Structures are given as C-alpha cells and as structure tokens.
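Taking it in order: structure first as structure tokens, then the write-up.
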Amino acid sequence: MVSTTYQVQGMTCGHCVNAVSTEIGAIEGVKDVQVDLAAGRVTVTSDQPLSDDAVRAAVDEAGYELAGA
C-alpha cells in the first residue's frame, strides 16, 4: 500500500469533502481517501503510486484545484 498526501485548493465545506473523496475514490487502485478540510490536505491510500495527472483530473472534475504536484 502507498499513502500520498496532496494539497487541494478551494475546499470550504462538507460538500467539497464529499465531492473530492468521491472523484479520487473512483481512480483505479484507490483504497481510502481522507480529507483534512481545515488544512486543505487529501491523503490517498492506494495499491500502487498514482499518477499526478489522474489525481489532478479527479480533483478538477470535483471542481477544485490540485496545488503543487
């Protein structure tokens, strides 16, 4: 298992958390998604390392922006 933390900009409420969790959770191999709303961090546990492009696309689909990566 691999755990990776991403910084996500624009999340402000529970709906944001659900949207990001759902989209990232749909990526193949993802086992768990934990969102720290106050810090704007999303920790993803997966079978293998995920491509930053796949995570960025999922975050974009949810309506938010992946910072950094």
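Taken together, the values in this text are just the output of simple stated rules run on the coordinates, not laboratory data. All of these numbers come straight from a predicted model, not from anything done at the bench. As a convention, Cβ positions derive from the backbone with ideal geometry for all residues, glycine included, and neighbour counts pool all protein chains shown.
How far is helix 14-25 tilted, in degrees, relative to the longest principal axis of the Cα atoms in the chain, given as a value from 0 to 90 rounded to the nearest 10?
20 degrees
Just in the chain: which GluC sites (Glu not before Pro) are loop by DSSP and have at most 11 other Cβ atoms within 10 Å?
Details: sites: Glu23, Glu28, Glu61, Glu65; in loops: Glu28.
Here the sparse-neighbourhood loop sites are Glu28.
Local charge sum around Leu66 (other residues, Cβ-Cβ under 14 Å, Lys/Arg +1, Asp/Glu -1)? All intermediate terms of the calculation are to be shown ahead of the outcome.
On the way: positive: Arg41, Arg56; negative: Glu23, Asp52, Asp53, Asp60, Glu61, Glu65.
Spelling it out: positives minus negatives among the neighbours equals -4.
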